[in-house]
Amino acid sequence: MRATIALILVLLAAGCGGGGSSDGTGGDDGAFVPESGADYELFASEFSFAPPFLAIEKPGTYTFAIRNDGSVPHNFTIKGVGGTEDAKPGETKIVELTVKVGTVEFVCTLHEAEGMFGTLNVSDPG
């Protein structure tokens, strides 16, 4: 069921237009400089993340800015790694997390049952 929902979210995100790429880097040229100054920026709303997929080229420690564009609290947790406290509507939370090679899910623990999750893929540079 989650795979189906994830596929639908990816397809919806791809069809939404905009100049950004779907790999979480934010720009067609691969240059991503979020307004927050974080390495990666996600937007939370009812009940999804944008982008729903993040690709990181190598393991390491990165900062993630999570902006709540919704009308209810949201948070961001990478399963097995950690996450943030709740962000009220309009708030941005920045969290620093260390990620390893592999594919894992990130979720809003408040709305995981409603399908609020995405996928993080960390590549092996070697």
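What follows draws every value from the coordinates through simple rules; no lab data is involved. In this text, all values refer to a predicted model and were calculated from it rather than measured experimentally. Please note: Cβ atoms are built from the backbone with ideal geometry, for glycine as well, and neighbour counts cover all protein chains shown.
Things to note:
- Length gained on full extension, Asn121 to Ser71: 15.2 nm, using 0.36 nm per residue less the C-alpha separation.
- Cβ-based net charge around Ala87, under 14 Å, with every Lys or Arg adding one and every Asp or Glu removing one: -3
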